[in-house]
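Structure record follows, encoded as structure tokens.
The values are calculated or read from the model by the stated rules, or taken from the named source; none is laboratory data. What you see is a predicted model; the values in this text were computed from it and never measured. Here Cβ is always computed from backbone atoms with ideal geometry, including for glycine, and neighbour counts include all displayed protein chains.
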Amino acid sequence: MILVTRPNHDGGTNYLYYWSGKVIEETKKKSVDVIDLAKSKANRKNFISYLIKQKPSIVWVNGHGNDDCVTGFNNDILISTSDKNLNLQVKVFVARSCRCGKLLGKFLVNNGVGAFIGYLDDYIIKTSRKYTTRPWLDPVAGLFLEPSNYIITLLTKGHSVDETNDKSKKMILMNLKKTLVKDADDKNDLGRWLWHDYKNQVALGRLEIKV
């Protein structure tokens with residue numbers, strides 16, 4: 001079972017909302033149970049309730065975050081390092097959020113989570129203005145979001161956390177190479193920001209875990 005949060009209260013989370021939706025559709029076709037906390041349902045009350053009662057194998061949060069917390073709809077804090085007496089029975093916690101790999105990831109691993117995949121610094125997504133109203137079709141955003149989507153795809157196929165993180169990062173490098181020629185005439189500097197995400201994507205905990 002996968003517990004997913006995907007708020008859509010601003011431009012950044014709206015992109016995450018649509019791109020995570022693609023993985024949810026694929027996952028459901030594999031007969032994997034998915035709890036989809038979409039839009040305003042991505043709040044702390046719902047998140048903690050499903051986390052404790054349903055005991056999902058994978059938790060995948062999409063939203064804003066910082067060193068010690070991840071947030072949901074309207075930046076409602078879902079879980080943070082200040083939460084006490086946690087004993088989470090989650091195999092893998094994936095945070096597509098800024099900076100959660102610094103403190104929150106370690107905190108979760110110390111409180112029952114088998115392994116964590118997230119980012120030490122800001123998670124960067126570059127986008128194209130042409131696709132503001134159709135974010136799910138944005139090829140520029142895809143360079144950044146497809147590798148992080150791939151994390152969930154790989155986990156549900158039985159890959160270990162270590163293998164998953166490695167393959168996802170290799171996809172980032174593949175996309176970076178695609179941008180090298182284009183970047184010569186592109187002020188967006190896509191390669192620079194793909195390299196940033198590559199360097200800051202980390203896996204913590206028991207990396208041999210498979211779901």
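Only residues that are crowded, with 20+ Cβ neighbours inside 10 Å and more than 13 Å from the chain's Cα centre (by Cα): list them for segment 108-126, please.
Pass one, segment 108-126, residues crowded, with 20+ Cβ neighbours inside 10 Å: 108, 113-119, 123, 125.
Hits for segment 108-126 are Leu108, Val113, Gly114, Ala115.
Name the pairs: first residue in segment 107-127 and in contact (Cβ under 8 Å) with a residue 40 or more places away in the chain, second residue among the hydroxyl-bearing types (Ser, Thr, Tyr) and assigned to a loop (DSSP other than H, G, I, E, B), Cβ to Cβ under 8 Å, at least 6 apart or on different chains?
Short answer, once both residue conditions are applied: Gly118/Ser97; Tyr119/Ser97; Tyr123/Ser97.
Could you tell me which of the residues Gly105, Gly101 is part of a helix (DSSP H, G or I) and either in contact with a strand residue (DSSP E or B) (Cβ under 9 Å, 6 or more places away or on another chain) or more than 21 Å from His196 (Cα to Cα) (or both)? Walk me through it before giving the result.
Details: Gly101 fails: part of a helix (DSSP H, G or I).
That would be Gly105, the only listed residue that is part of a helix (DSSP H, G or I) and either in contact with a strand residue (DSSP E or B) (Cβ under 9 Å, 6 or more places away or on another chain) or more than 21 Å from His196 (Cα to Cα) (or both).
From the residues in segment 1-55 that are surrounded by 15 or more Cβ atoms within 10 Å (Cβ to Cβ), polar (S, T, N, Q) and in a helix (DSSP H, G or I), which one is modelled with the lowest pLDDT?
Looking at residues that are surrounded by 15 or more Cβ atoms within 10 Å (Cβ to Cβ), polar (S, T, N, Q) and in a helix (DSSP H, G or I), I get Thr27.
Of everything in segment 80-98, what is over 24 Å from Ser160 (Cβ atoms) and either among the polar types (S, T, N, Q) or not in a loop (DSSP other than H, G, I, E, B) (or both)? Give them in sequence order.
Ser80, Thr81, Ser82, Asn85
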